1. Using a Förster radius of 22 Å, what is the FRET efficiency between B:ALA171 and B:THR99 based on their Cβ-Cβ separation? Nearest 0.05, please.
2. Considering the protein assembly as shown, what Rg and Dmax in Å follow from its alpha-carbon atoms?
3. Compute the FRET efficiency between B:ALA140 and B:GLN17 as 1/(1 + (r/R0)^6), taking r as their Cβ-Cβ distance and R0 = 35 Å, and round to the nearest 0.05.
4. Could you work out the longest stretch of chain A that avoids the trypsin sites (Lys or Arg not before Pro) located in DSSP loops with at most 14 other Cβ atoms within 10 Å?
5. For the protein assembly as shown, what is the accessible area per residue in Å² when the probe is 1.4 Å?
6. Which value in deg cm²/dmol, rounded to the nearest 500, describes the helix-derived mean residue ellipticity at 222 nm for the protein assembly as shown, given -39,500 (n - 2.57) per DSSP H run of n ≥ 4 and division by the residue count?
7. Have a look at A:ASP157, A:ASP14, A:ASP187 and tell me which one the Gaussian network model of chain A (Cα, springs below 10 Å) gives the largest fluctuation.
8. Pick from B:LEU104, B:LEU156, B:LEU312: which residue has the top mean-square fluctuation in a GNM of chain B where Cα pairs under 10 Å get a spring?
Amino acid sequence: MSDITQSGPVLAADGKPLKHSLNRALRRQKMRAMALILPLLAFVLLTFIVPIGQMLFRSVQNDIVQNTLPQTVIAIQDWDATSGEAPDEAAFAALAADFKIAVENKTHTRVGSRLNYETPGISSLFRKAGRKAKRWDLETDGPFKEQFLDIDEDWGDPAIWRTIQKFSPPVTSGYFLNAADMQLGDDGVEFRPENQQIYITLFKRTLFMSLVIMGACILLGYPVAWLLANLPSAKANVLLILVLLPFWTSLLVRTSAWKVMLQQQGVINDTLVWLGLVADESRLVMINNQFGTIVAMTHILLPFMILPMYSVMQTIPPSYLRAAKSLGATNWTAFWRVYFPQSVPGIGAGSILVFILAIGYYITPELVGGTKGVFISNRIAFHISSSLNWGLAAALGTILLVAVLILYWAYDKIVGIDNVKLG
Amino acid sequence: MAASNSNDAFVEFERVQKSYDGETLVVKDLNLTMPKGEFLTMLGPSGSGKTTCLMMLAGFETATHGDIRLGGISINNIPPHKRGIGMVFQNYALFPHMTIAENLSFPLEVRKLGKSEREEKVKRALDMVEMGAFGGRRPAQLSGGQQQRVALARALVFEPELVLMDEPLGALDKQLREKMQFEITHLAHNLGITVVYVTHDQTEALTMSDRVAVFNDGVIQQLAPPDQLYESPDNSFVAQFIGENNTLEGQVKEIANGIAVVQLDDGELIDCKPVNVDKPGERTRVSIRPERVEYNKDRLSDGAHTLKAEVLEFIYMGDIFRTRLRVAGNDEFIIKTRNAPDQVRLQPGQQIEIGWLPEDCRALDA
């Protein structure tokens, strides 16, 4: 027995501090545990953390201008963008020298496309100039200002040079401004013209529709989860299989099935026309719009709502409801005051799951969303695979990620994240 | 106790039957009458129909046939929340998302009582079970015994005249259970409430109740005060189920003057009290309580029948000695003797003679 009244740290039998001994005893255990999770850690790092980091980086990365046109960037450093005139011969000579190298490396078109995102038309200017610049002799063919103006008069437009100057630093906020329907105008940050604004609308629509889908899933899923938790187990199992059935069917098949159901010549419209509820010439438009996306996505995401609700409801003993009734509560009061509050963690878990899945959903809106029912993710996919503006795609993705994190944080503040249970 | 006064019946079961599947009866033709203020325990093995009876009374199960009356009014068609019956559940069923005070306030809120009245009643109910300081806590922060008290207070706070308890002490450890047994009985008697208590623990039933209804196979086997139940069981099920019991099998030789002579299967004769045997030749099961068996010859009355027995095992249990004997071919014959200074401690292998008073030995159905 050690002396209870001693004041210093508790000592082990060999006189060393007890904490030290404990740590040593646990170290082996910890090392073994670490070794077990190491493969997973490496996998997550390589396939999740690194790509996200890359995406975050790409959304601000802009070293292409500096790398491809190094002399030009230096030459127009001191050019006054507000002068209303193109820079002098020195800048054009530097540009010609840069072009000479860039054309050999075939990188001038890439800078062209990059700058074209900011000022449309630059891409073709660069391509045309590239063709000529190949044959120039830097010693004898000057002055290059005239040469460039010969190729296209637009080279004299200060707007082109402003763009090159503005995007010469290696880091840019251009993608993010673009993703928020804004641009770096002559007087700083400004909104794009109305007819070019699309992303804010898309973000709003994505949020709104995800919330609608989440709400629909709660309303449809709650009674099903209740039944699952309260039916005798034989019946509950059959019902559970029906709930899980969609998981065993390809997502594409399910979405295509909704196409068959909802289109104007589809099953629902045919039935309604046959019943005489809808005239043949005014068939309902239920697909390639928001309605179609909401219906199909609610169906697809419903199991993600039902399962967490079910597993939480399963843990609520039926005796609570009986107790409430024996205390004098009507069926409704017993449900609302006693059962429902205990099922909230399930609703919370299901809602977070469905909402986060919905906000980044891609395939279903692509197939049944038309133009009015597409999500921001469809736009991101477009920039990744068609317009090849990866920087913008990364910026949009980053905004989406941040939005989800903010909502998660807000949920934690309002409901409390420890109030979420998956079972 | 007003136990057998059936004129002012408060709770009545009349020819009640219950079936879940339409093929077998879980409760068969139940008749039961309880006066106001009685503490009645339904005792029986699991599946005997006792909990079903309680649930029918509470309104969570409907009787397939028959009438259940409360204060003279048939309650068959009254939903549970309008019956005004307090109930304590097996696992307390305290609402985990509410504090203790909110739990107690709940039945008062649904009865639309004013705030000050609610607070006063909650406080009084909590003080009654000595839990006054715990109103702000959550059920999960209380120990099992404390939760039990709160559950009791919640069932009593709206002042019901009838309180049902479904194995409320089952989850407590032995010491706490014994303490709560007394507290519940005292509380029930002080408040004058009528209690129907369900348990499968016979000690609990004997110590707490005014009357005990022993259930088996959907039928009340015996309904009697604890002492009667223990000392004069009506049939061999009750004898076996209540307390420890020795049985010897045999055949009735003759019945005369309230004494039945039974020939045991090894040929020996003993005197018994006939309970549900009525003619010679019948098979019977003779029941003797272990503590009524005597092996000290001096204490046996003259002319008492004795049987030869061999001591197989002697167990010292502190307050009593428990000795296992072989009697008439039965290796499980137990006798219990008080640990008194003059008591003989038997040795295994010893041959002794045992005996008993004829009225302690009951000839029951085989």
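The values are calculated or read from the model by the stated rules, or taken from the named source; none is laboratory data. Model, not experiment: these values are computed from the prediction. Reconstructed Cβ throughout: ideal geometry from the backbone, glycine too, with neighbour counts over all protein chains shown. Accessible surface is based on the protein model in full, side chains and every heavy atom, while ligands, DNA and RNA are left aside. Shrake-Rupley method; radii C 1.70, N 1.55, O 1.52, S 1.80 Å.
1. About 0.55, to the nearest 0.05.
2. For the protein assembly as shown, the Cα-based Rg and Dmax read 43.5, 149 Å.
3. E between B:ALA140 and B:GLN17, to the nearest 0.05, is 0.30.
4. So the longest stretch without any such site is A:136-371.
5. That works out to 51 Å² per residue.
6. Taking each H run of at least 4 residues, the total per residue is -14000 deg cm²/dmol.
7. In the Gaussian network model the winner is A:ASP14.
8. Result: B:LEU312 has the largest fluctuation of those listed.
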